[in-house]
Amino acid sequence: MERQEAIDILAEGRRGAISVPTMQSVFPWHEAGQGDILNVDASQCMGSASTIGLGLALAQPSRKVMVLDGDGSLLMQLGSLVTIVASGVNNLYHFVFANGLNQSTGNQPLPGQGAFDWVALAKASGYKHALKIAEAEDLLEQLPHVWELEGPVLIELTIAREDGPARWAGVPMARQVASVHEQLATS
Amino acid sequence: MTDVQAVATGVPAEVIAAEIDALGITHVVCVPDSFQRTLIARWQAGNGPRFVGVCTEDEGMGVNAGLYMGGQNPMMCIQNNGIFASINTLKAIALDANVPTFIMVGQFQRDVNKTIEEQSSRAVRMLEPTLDAWGVPHWRIEGPEDIGALKAAYERAWTDQGPSVVIIGAPTL
């Protein structure tokens, strides 16, 4: 599926979840109107989306947290799959946009591109549920059911290659951190 | 035989734990460290803040940030090599994103009978210059008399909305 298709479906079906997008999902997530007070971008710390999401999930167990990760990003903190499971959180929904590329730096292939399996990695790490979704219509159909699953859940989204320059939302992370903190610390 | 006078002496784990409890810390995000072994064992046993074990210090910076945004009062517990390993997230999250990040750092491989400047371990000698290079305020705990450093560093992290470090110079007792 195209990244924009996946973003639009996740935005429409967000259900008030706290969101943590990273890298090339940040700009379209904002374009889809999701850069709100319950969103923080992991833009300048590639690899950290999953652990920022974990901290939020631990802090706010009654809320759902969705991480919009990249495959190249998650490889940078692959151990976080184990850390997430070990923490015992059940409210983390981990969407991995998998195009096999480091898109932000010019679409260089990932190490081991095509040779590893995100669903198998998640299940072997102890995620309660993990599945791969390749088509937009399947994501649209399955997303409501995904939210009913006990976390942690990993959804691998097969994303088509995109060419062109990297795009960034340009919102300072410090401003988002302050906003999310203000919203959640007082709620 | 010449008596060797220790430069740094260990602080009992219960003394540090009491200080941490008094600060209202809710979560300790930790990559294990031999200099804080007794303290970590205490927290892992469920005494005090919730213990959150992570695989790397980079992970720890992210978890600490998420906990802070979610309204909790976390801290980190790592060793000197962990600072070197996590400079990118220290920069991007703790410094640039203004996340209060209070960190206890054990001086792994420090010889307690020598000053920091006399250490053979590069990791021990370069910890403070590295923190200085990034503008991270830091305090030393070289013995029980320095216990006030914990409160000072904690308050600085929240005042600055950034990182602060307490360096544990001898194994906790």
Potential lengthening between B:N88 and B:Q5 on full extension [0.36 nm per residue; Cα-Cα distance subtracted]: 26.0 nm
Extension gain (nm, one decimal) between A:E12 and A:A185, 0.36 nm per residue minus Cα-Cα: 59.7 nm
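Which whole number gives the average, over all residues in A:35-47, of C-beta atoms from other chains lying within 10 Å of the residue C-beta? Intermediate results must be reported in sequence, preceding the final value.
Details: counts 0, 0, 0, 1, 0, 4, 1, 6, 2, 7, 13, 3, 6.
Average neighbour count from other chains, rounded to a whole number: 3.
Pairs to check: A:K64/A:K123; A:K123/B:K91; A:K64/B:K91. Give those whose C-alpha atoms are more than 22 Å from each other in this structure.
Details: A:K64/A:K123 20 Å; A:K123/B:K91 32 Å; A:K64/B:K91 28 Å.
Correct reply: A:K123/B:K91; A:K64/B:K91.
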Relative contact order of the stretch A:1-61, defined on C-alpha pairs under 8 angstrom at six or more residues apart (%): 34 percent
Per chain B, cysteines lacking a partner by the 4.7 Å Cβ criterion: B:C55
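At 25 °C and a viscosity of 0.890 mPa s, what translational diffusion coefficient does Stokes-Einstein give for the stretch A:1-75, taking Rh as the Kirkwood radius over Cα pairs? Give it in µm²/s as a whole number.
For these conditions, the coefficient is 200 µm²/s.
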Sequence-separation-based contact order of chain B, relative, with Cα cut under 8 Å and 6+ spacing, percent: 31 percent
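Take every residue in peptide A:88-94, count the Cβ atoms of other chains within 10 Å of its Cβ, and give the average of those counts. Could the numbers behind the result be given before it?
Numbers: counts 1, 0, 0, 0, 0, 0, 0.
Mean shielding count: 0.
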Net charge of Cβ neighbours under 15 Å - reference B:A123; Lys, Arg +1; Asp, Glu -1: -2
Those residues of the stretch B:38-53 whose amide nitrogen sits under 17 Å from the label point placed on B:A22, 7 Å along Cα→Cβ: B:48-49
DSSP bridge orientation in the protein assembly as shown - percent antiparallel, rounded to nearest 5: 5 percent
Descending semi-axes in Å of chain A, equivalent ellipsoid built from Cα gyration tensor: 22, 20, 16
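Taking each residue in B:93-106, count the Cβ atoms of any other chain within 10 Å of its Cβ, then average. What number comes out?
Details: counts 9, 1, 1, 6, 14, 7, 7, 2, 0, 0, 0, 0, 0, 0.
Per-residue shielding by partner chains comes out at 3.
Rounded to the nearest 5, what is the percent of antiparallel bridges among the DSSP beta bridges in chain A? Display every interim value, and only then the final one.
Details: 2 of 25 bridges.
Rounded to the nearest five, the antiparallel share is 10 percent.
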The stretch B:62-158, relative contact order in percent, only Cα pairs under 8 angstrom and at least six apart counted: 25 percent
11 Å cut-off, amide nitrogen to a point 7 angstrom out along B:V15 Cα→Cβ, residues in the stretch B:116-142: B:142
Cleavage-rule hits (trypsin sites (Lys or Arg not before Pro)) in the stretch A:104-187: DSSP loop, at most 13 neighbouring Cβ within 10 angstrom: A:R161
Residue order, fewest to most surrounding Cβ atoms within 10 angstrom, among A:H129, B:H138: A:H129, B:H138
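Per the helix-only calculation at 222 nm, which mean residue ellipticity applies to chain A, given -39500 (n - 2.57) for every DSSP H run of n ≥ 4 and division by its residues, nearest 500 deg cm²/dmol? Please report the intermediate quantities before stating the final value.
On the way: 8 runs with 75 residues, N = 187.
Counting only the DSSP helices, I get -11500 deg cm²/dmol.
What is the fewest-to-most order of B:R42, B:R50 by other Cβ atoms lying within 10 Å of their Cβ?
Taking fewest neighbouring Cβ atoms as first place, the list is B:R50, B:R42.
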Label-zone membership for the stretch A:11-44, site A:A178, 7 angstrom Cα→C-beta point, backbone N under 15 Å: A:37
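Any read-out appearing in this document is the output of simple, stated calculations on the displayed coordinates, not a laboratory observation. What you are looking at is a predicted structure, and each value in this text was computed from that prediction instead of being measured. Using ideal geometry, Cβ is built from the backbone for each residue, glycine included, and neighbour counts are taken over all protein chains shown.
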